[in-house]
Amino acid sequence: MKAKKVKALSRISQCFFFFLILRLAEELLIIPKLYNTKGIISCVGGFVILLFYIRFINKPLEQIGMIFSGHKIRKGILLAALFNLVPAVIVYAWEFYKHSSNGEHTVIRVFYESTDNAYSVAGSSGFIRGALIGLVIAVVHAFFYEMTFRGLLITLGSRSMRFASINTIQTALYTFWFLIPVLRLILFYSDRVTWREILSVFIALLFYESLAAVKLGLLRSATGSVWACIFDHIAFAYILDMVHVQTTDANMKVQIDGSYYVYIIAYQVIALLMVYIYYVIKKKKIKENQIH
C-alpha cells in the first residue's frame with residue numbers, strides 16, 4: 001500500500017473518530033436518559049470540529065466541494081428537485097394505489113413527527129411550527145453530513161485512491177454512523193421491542209443509508225460540488241419526514257403501515273438509478289472533451 005494512501009486512510013480515520021465520539025455520546029448517554037435530540041448535538045458539535053479540522057489541515061472550503069458559486073448552487077437545487085420529485089411521485093403514488101385498491105380509506109397527510117402536528121389537528125400555527133422544526137433539523141443534518149462525508153472524507157482520499165474506493169469507504173462510515181441507533185435499541189429498549197423488530201430496523205437502515213451514501217457520492221463526483229448533495233439530502237429527508245400515506249379503520253383510527261421501510265428503500269433505489277445515469281453521462285462528456 002502506497003504511503004500516500006496510508007496517510008489518507010489515517011486522516012480519514014482520525015477525522016471520523018472525533019465525530020464518532022459525539023455520536024456515541026448523544027445516542028447512548030443523552031437520548032435514552034434525557035431527550036430525543038434528533039442528532040442535532042452531534043451534528044452541531046461535529047460541524048465545529050469539522051471547521052477546526054479543515055483549518056488545521058489548511059484546506060479552504062472550496063477544496064472540500066463547498067464552491068460558493070451561484071451557478072453551482074442553482075444547479076444543485078435543480079438536480080435535487082429532479083432526483084427527488086420523480087422518486088416521491090412514483091413511491092407515494094404506488095403506496096396510495098396499493099392501499100386504496102384494497103378498499104382501505106387512504107389519505108395523504110403532511111405533518112412532522114406526529115399526526116398531532118397535522119394542519120387539521122394542530123391548526124395553522126401548530127402545523128407551521130412543526131414544519132419549520134423539521135426543516136431546520138433537515139438543513140442542519142444535510143450541511144454536516146454532506147460537508148463531512150461527501151466533502152472532507154472524499155477530498156482526503158481523492159488524491160491517493162480511485163473514486164470507487166473512496167466512495168465505498170465514505171459509504172461504509174456513513175452507514176455505520178446510522179446503525180448506532182440500533183445499538184441504542186438493544187441496550188435500552190430491548191424489553192419493549194422484539195429482536196425481530198430490531199433486526200428489521202437494522203436491515204432497513206443498512207440498505208437505505210448505503211443507497212443514500214452511494215448516490216450522494218456519485219452526485220459529488222458528477223457535479224464536483226457538495227451543494228447538490230446538500231440540497232438532495234434536505235429534499236429526501238424533509239419529504240420522507242413530512243409526507244405520509246396513511247390508512248384508517250372503520251373508527252377512523254390511523255393504521256401503521258408495516259411496509260414503510262420498503263417504500264423508503266424504493267425511493268432511494270429510484271433516486272440512485274437516476275443519479276447513476278447522470279454520473280455516467282457527465283463522465284462520458286468529460287472524456288469526450290479531453291479527447292477533443
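The values are calculated or read from the model by the stated rules, or taken from the named source; none is laboratory data. Since we're looking at a predicted model, the values are computed, not measured. Here Cβ is always computed from backbone atoms with ideal geometry, including for glycine, and neighbour counts include all displayed protein chains.
Below is a table of values for the structure above.
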read-out: Qualifying residue in region 91-104 (condition: of a type outside the set (A, V, I, L, M), more than 19 Å from Gln246 (Cβ to Cβ), buried (at least 19 other Cβ atoms within 10 Å of the Cβ) and out of contact with any His (no Cβ under 8 Å at 6 or more places or on another chain)); value: no
read-out: Flag if Tyr238 is assigned to a helix (DSSP H, G or I), in contact with a helix residue (DSSP H, G or I) (Cβ under 6 Å, 6 or more places away or on another chain), under 19 Å from Phe16 (Cα atoms) and among the aromatic types (Phe, Trp, Tyr); value: no
read-out: Residue list for region 270-292, filter: aliphatic (A, V, I, L, M), modelled with pLDDT of 80 or more and surrounded by fewer than 16 Cβ atoms within 10 Å (Cβ to Cβ); value: Leu273, Ile277, Val280, Ile281, Ile286
read-out: Close pairs from region 261-282: first closer than 15 Å to Ala81 by Cα, partner of a type in the set (S, T, N, Q), Cβ under 8 Å, at least 6 apart; value: Ala271/Asn84
read-out: Output for region 195-223, where each listed residue is surrounded by 16 or more Cβ atoms within 10 Å (Cβ to Cβ) and without any contact (Cβ under 8 Å) to a residue 12 or more places away in the chain; value: none
read-out: Boolean, Leu218 is over 30 Å from Asp116 (Cβ atoms) and in contact with a Phe, Trp or Tyr (Cβ under 6 Å, 6 or more places away or on another chain); value: yes
read-out: Top-ranked residue in region 173-194 [being under 15 Å from the mean Cα position of the chain (by Cα) and touching a residue at least 12 places away in the same chain (Cβ under 8 Å); ranked as surrounded by the fewest Cβ atoms within 10 Å (Cβ to Cβ)]; value: Leu179
read-out: Matching entry among Ile137, Ile64, Ile133 (being of a type outside the set (Ser, Thr, Tyr), touching a Lys or Arg at 6+ places or on another chain (Cβ under 8 Å) and closer than 30 Å to Cys15 by Cα); value: Ile137
read-out: Test: residue in region 117-130 that is surrounded by fewer than 17 Cβ atoms within 10 Å (Cβ to Cβ) and under 20 Å from the mean Cα position of the chain (by Cα); value: no
read-out: Pairs, first under 19 Å from Phe17 (Cα atoms) in region 28-51, second surrounded by 14 or more Cβ atoms within 10 Å (Cβ to Cβ) and among the basic types (Lys, Arg), C-beta under 7 Å, six or more apart; value: Leu28/Arg184; Ser42/Arg23
read-out: Region 55-90, residues that are exposed (fewer than 14 other Cβ atoms within 10 Å of the Cβ) and not hydrophobic (A, V, I, L, M, F, W, C); value: Arg55, Asn58, Pro60, Glu62, Ser69, Gly70, His71, Arg74
read-out: Residue among Phe143, Phe149, Phe111, Phe127 that alone is free of Cβ contacts under 8 Å to residues at least 60 places away in the same chain, hydrophobic (A, V, I, L, M, F, W, C) and either touching a Phe, Trp or Tyr at 6+ places or on another chain (Cβ under 8 Å) or farther than 30 Å from Cys15 by Cα (or both); value: Phe127
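Yes/no matrix, rows are residues, columns are (1) in contact with a Ser or Thr (Cβ under 7 Å, 6 or more places away or on another chain); (2) modelled with pLDDT of 95 or more; (3) not in a helix (DSSP H, G or I):
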{"position": "Leu85", "(1), (2), (3)": "no, yes, no"}
{"position": "Tyr97", "(1), (2), (3)": "no, no, no"}
{"position": "Ser100", "(1), (2), (3)": "yes, no, no"}
{"position": "Gly103", "(1), (2), (3)": "no, no, yes"}
{"position": "Tyr112", "(1), (2), (3)": "no, no, yes"}
{"position": "Leu132", "(1), (2), (3)": "no, yes, no"}
{"position": "Tyr174", "(1), (2), (3)": "no, yes, no"}
{"position": "Leu187", "(1), (2), (3)": "no, no, no"}
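Rundown of residues vs (1) within 18 Å of the chain's Cα centre (by Cα); (2) under 17 Å from Thr148 (Cα atoms); (3) not in a helix (DSSP H, G or I), yes/no style:
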{"site": "Ala25", "(1), (2), (3)": "no, no, no"}
{"site": "Lys33", "(1), (2), (3)": "no, no, yes"}
{"site": "Lys38", "(1), (2), (3)": "yes, no, yes"}
{"site": "Ile41", "(1), (2), (3)": "yes, yes, no"}
{"site": "Phe47", "(1), (2), (3)": "yes, yes, no"}
